[in-house]
Amino acid sequence: MVKCGKYFVILRRFIFSMMIIFTGEYDCKADVKGRIMLPAAFRRQMGEVEAYRFVIKKDMYEQCLELYTLDEWERQNSLILKTIRPYNPEHRQFLRDFRMGAAEVECDPTGRILIPGRLLKQAEITNETVLSGNIGKIEIWSPALYNNSGGDVSAKRDRAERIMGDAAYNAELP
């Protein structure tokens, strides 16, 4: 995509308007079969759909799981496939890493999602979980790992400054 002034901004807003920005953080329990209740707030944020279908996978960088709506999963794959060169070994490995362990899941009539046992084990999730809303996905964490993610307040402040700097104050408002 070429940056070309206001048209880039409009296109970027359109793309971001298509994805769901999940808001909220919820403590949930996983039953002995590995099912968790998807919070009603997240279901409301997705709107009315015929079936709540998702792709769940291990995060590439953190020890948590990522839950994507099927539409968002397809959008992410489309973005990747526009960038990746299939005959480049490094690109193939990235694609393999991104998709590793992915499984399609859906809510049962009571709003529960069955998480594959191998993914629960990789994320060190037993019976307590934290579901954290994010841009385009829901993260599923073990509470102990979630509470220790990101470092201390000083590290978070330094990271925010490095990434955002004065951008938050100088950004063009919609």
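Residue count for the range 66-90 under the criterion of being basic (Lys, Arg) and loosely packed, with under 12 Cβ neighbours inside 10 Å: the result is 2. Within the range 20-37, the set of residues being surrounded by 18 or more Cβ atoms within 10 Å (Cβ to Cβ), among the β-branched types (Val, Ile, Thr) and either modelled with pLDDT of 90 or more or in a helix (DSSP H, G or I) (or both) comprises Ile36 only.
Within the range 31-85, the residues that satisfy the criterion of being among the basic types (Lys, Arg) and within 13 Å of the chain's Cα centre (by Cα) are Lys57, Lys58, Arg75. Within the range 38-65, the residues that satisfy the criterion of being over 15 Å from Glu124 (Cβ atoms), of a type outside the set (D, E, K, R) and surrounded by fewer than 18 Cβ atoms within 10 Å (Cβ to Cβ) are Ala40, Ala41, Gln45, Met46, Gly47, Val49, Ala51, Tyr52, Met60, Tyr61. Go through the residues of the range 99-106 one by one and say whether even a single one is in contact with a Pro (Cβ under 7 Å, 6 or more places away or on another chain), outside any loop (DSSP other than H, G, I, E, B) and surrounded by 13 or more Cβ atoms within 10 Å (Cβ to Cβ). Yes: the range 99-106 contains one or more residues that are in contact with a Pro (Cβ under 7 Å, 6 or more places away or on another chain), outside any loop (DSSP other than H, G, I, E, B) and surrounded by 13 or more Cβ atoms within 10 Å (Cβ to Cβ).
For Gly111, indicate whether it is in contact (Cβ under 8 Å) with a residue 60 or more places away in the chain, under 24 Å from Arg43 (Cα atoms) and touching a helix residue (DSSP H, G or I) at 6+ places or on another chain (Cβ under 8 Å). In short, yes.
So, of the residues in the range 42-60 that are among the aromatic types (Phe, Trp, Tyr) and closer than 14 Å to Glu139 by Cβ, which turns out to be modelled with the highest pLDDT?
This residue is Phe54.
Consider Arg157 carefully, then state whether it is at pLDDT below 85 and more than 19 Å from the chain's Cα centre (by Cα). Judged against the criteria, Arg157 is a match.
The values are calculated or read from the model by the stated rules, or taken from the named source; none is laboratory data. Please read these numbers as outputs of a predicted model, since none were measured by experiment. Cβ sites come from the backbone with ideal geometry, for glycine too, and all protein chains shown count toward neighbours.
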